[in-house]
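A quick write-up on the structure given underneath.
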Amino acid sequence: MIQVAEEDLIEKIIEGRTELFEILIRRNNPFLYKVGKSYGYQHQDVEDLMQETFISAYKSLASFQHRSSFKTWIIKIMLHHCYQKNHKFSFKYEKAGYEEIVDKQVPLFAGSPLDMEKNIFTQELKAIIEKAVGEIPLDYRMVFSLRELNGLNVAETAEALGISEANVKVRLNRAKNMLRREIEKYYSPEEIFEFNLIHCDRIVNKVMAEITKENYPVP
């Protein structure tokens, strides 16, 4: 499949090729999903926020000035919607479009309650990982600890444990696979921020249907 350059794609959409907006949705669905989940929203809320974000992006597409990537631009729009939902605050004096949000507010939510939410999420994830590490066998756990948690290189780890460098590499790989399986006992694939194709199709269909139904003008 030919990969259409982002700038050319956006230009064609602005010229009236609305159907091409689907490509931008599919390219950016996984990133927006991770943003919403990281913010602490449940799956359905995240999908709703994603839909709002893509529609907002479409309506403001002509204001996108390529100062950053489209991915960065739309992630900031997503963060804006997450922030609004979380605080139930109406930005009455905001101008339509997102240039101000994208170009001047860096970092976007400095000093906001997002910092507290992020700390809580980090602590919860840390506890899950620590418990998962404790569940894998000692031989593998020690290689993981020395390499990943303590920063030793392969040779240093081999020397500390009295094993070959080849064994270090094998054990580390197995330790990571074991760790992944342990973490998945606590989190489903959706909960660890994977965005499956079925969800991607649903977002695409909802956004494109909304754009068509409302007969939004060309951006």
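The values are calculated or read from the model by the stated rules, or taken from the named source; none is laboratory data. Computed from a predicted model, the values in this text were never measured in an experiment. Note that each Cβ is placed from the backbone with ideal geometry, even for glycine, and that neighbours are counted across all protein chains shown.
Scanning region 27-48 for residues that are closer than 11 Å to VAL207 by Cα and touching a residue at least 12 places away in the same chain (Cβ under 8 Å) returns a single hit, GLU47. When the criteria are applied in full, LYS34 meets the requirement of being charged (D, E, K, R), buried (at least 16 other Cβ atoms within 10 Å of the Cβ), modelled with pLDDT of 75 or more and not in a loop (DSSP other than H, G, I, E, B). Of GLN3, GLN44, all but one fail to be surrounded by fewer than 16 Cβ atoms within 10 Å (Cβ to Cβ), over 16 Å from ALA209 (Cα atoms) and modelled with pLDDT under 85; the exception is GLN3.
To keep it simple, each residue is scored yes or no on (1) modelled with pLDDT under 85; (2) surrounded by 15 or more Cβ atoms within 10 Å (Cβ to Cβ); (3) more than 23 Å from MET208 (Cβ to Cβ); (4) of a type in the set (D, E, K, R).
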| residue | (1), (2), (3), (4) |
| --- | --- |
| GLU7 | no, no, no, yes |
| ASN29 | no, yes, no, no |
| MET50 | no, yes, no, no |
| ALA57 | no, yes, no, no |
| GLN65 | yes, no, yes, no |
| PHE70 | no, yes, no, no |
| CYS82 | no, yes, no, no |
| ALA96 | yes, no, no, no |
| ILE101 | yes, yes, yes, no |
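Look at (1) touching a Leu at 6+ places or on another chain (Cβ under 6 Å); (2) farther than 30 Å from TYR39 by Cα and you find that ALA155 fails only one, number (1).
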